[in-house]
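Notes follow the structure.
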Amino acid sequence: MKTVKELRRWIELYEEVRAAVEELELACEYAREGIASEEEVEAAWQRALALTEALESRNMLRQEADRMGCVLKINSGAGGTESQDWASMLMRMYMRWAETNGYKLSVNNIQEGDEAGIKSVTMQMEGDYAYGYLKGENGVHRLVRVSPYNAQGKRMTSFASVFVTPLVDDDIEVEINPADYSWDTFRSGGAGGQNVNKVETGVRLRYNYKDPDTGEVRELLIENTESRSQLMNRENAMRLLRSMLYDFALQRRMAEQQKVEAGKKKIEWGSQIRSYVFDDRRVKDHRTGFQTSDVGGVMDGKIDGFIKAFLMEFAGDNSNG
């Protein structure tokens, strides 16, 4: 049924594009006869173009994991309060993008900053192709601005890292040995009512992951405080673990040269994938060269231009994600 649904969706998208092209052809004919205005032709052209480009981008998502939802984690880098504020701005940017595109978003775990912003956050986006669209956001994001946290009003540079992994569904089988994991519980902090703060509803899942290539064992740590129910938090933490293990296996199958952890770049100068320069009103992706002056729009979740540029250039090459 999932396959049928997916094929039907492709047909629907194709029919939308075909109908838009026919409307454009008709508008051009009417314009030549003096029945339609240039503005009407332009509107038909823009609609046909937008639908075609959207279908073209979706056509780039052919990897097994592309159709899945995703787990998105943001970590603040060096820079104290400024970088923690930057991490929270990125969190809002992705939340706005998810809202605009109709994805269900939940915050699994968040660590507040010392004075402002956040130190880290793990978010979950459920919906078709969330991972496919956001996999290119993997990497270090660099902010340049006059910092409100600098008494001298100096221009500052700060960094935050974004990691995106597929969110596995029930169709994906991931083997987890019960002997390899253990649980801790703790009281959830922050808002959420008396029950959340007084009862140990937060869970911490520790898993001993053995690298199948090197035999090296390392501990994976997942915390979940999303729900007031410890049981629900346990279930979601286990789902996040399955997603993480699936991603590891996916990277191996694709024969990438580096494992996920080894490929994470240091959050500092020279390793950024994108720069957000507020003073110059410029956001530029260093991999594709795509840039825009609409800084406010980007920070409000309008990142589709960057997503499309990445997919069109690196389609099928997940080592750049």
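The values are calculated or read from the model by the stated rules, or taken from the named source; none is laboratory data. Quick caveat, the model's predicted, so the values are computed rather than measured. Because the Cβ atoms are built from the backbone with ideal geometry, glycine has one as well, and the counts that use them run over all protein chains shown.
At-a-glance table
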{"item": "Count of residues meeting criterion [of a type in the set (Asp, Glu) and touching a helix residue (DSSP H, G or I) at 6+ places or on another chain (Cβ under 7 Å)] in segment 93-139", "result": "2"}
{"item": "Whichever residue in segment 197-240 is farther than 30 Å from Arg252 by Cα and among the basic types (Lys, Arg) and, among such residues, is surrounded by the most Cβ atoms within 10 Å (Cβ to Cβ)", "result": "Arg228"}
{"item": "Among residues of segment 10-27, those that are surrounded by 15 or more Cβ atoms within 10 Å (Cβ to Cβ) and without any contact (Cβ under 8 Å) to a residue 24 or more places away in the chain, counted", "result": "1"}
{"item": "Options Phe186, Phe159; residue that is modelled with pLDDT of 80 or more and over 27 Å from Ala98 (Cβ atoms)", "result": "Phe186"}
{"item": "The listed residue being out of contact with any Gly (no Cβ under 9 Å at 6 or more places or on another chain), surrounded by fewer than 16 Cβ atoms within 10 Å (Cβ to Cβ) and not acidic (Asp, Glu), out of Arg62, Arg145, Arg155", "result": "Arg155"}
{"item": "Which listed residue, of Arg47, Arg155, Arg142, is within 17 Å of the chain's Cα centre (by Cα), among the basic types (Lys, Arg) and over 25 Å from Ile222 (Cβ atoms)", "result": "Arg142"}
{"item": "Of all residues making up segment 9-45, the number that are hydroxyl-bearing (Ser, Thr, Tyr) and under 21 Å from Asn59 (Cβ atoms)", "result": "1"}
{"item": "Considering residues of segment 3-27 that are in contact with a helix residue (DSSP H, G or I) (Cβ under 6 Å, 6 or more places away or on another chain) and modelled with pLDDT of 90 or more only, the residue farthest from Glu64 (Cα to Cα)", "result": "Ala27"}
{"item": "Scope segment 58-86; condition in contact with a Lys or Arg (Cβ under 7 Å, 6 or more places away or on another chain) and assigned to a helix (DSSP H, G or I); matching residues", "result": "Gln84"}
{"item": "The one condition in (1) assigned by TED's automatic domain parsing to the domain that holds Trp86; (2) modelled with pLDDT under 85; (3) within 20 Å of Ala87 (Cβ to Cβ) that Glu313 fails to fulfil", "result": "(3)"}
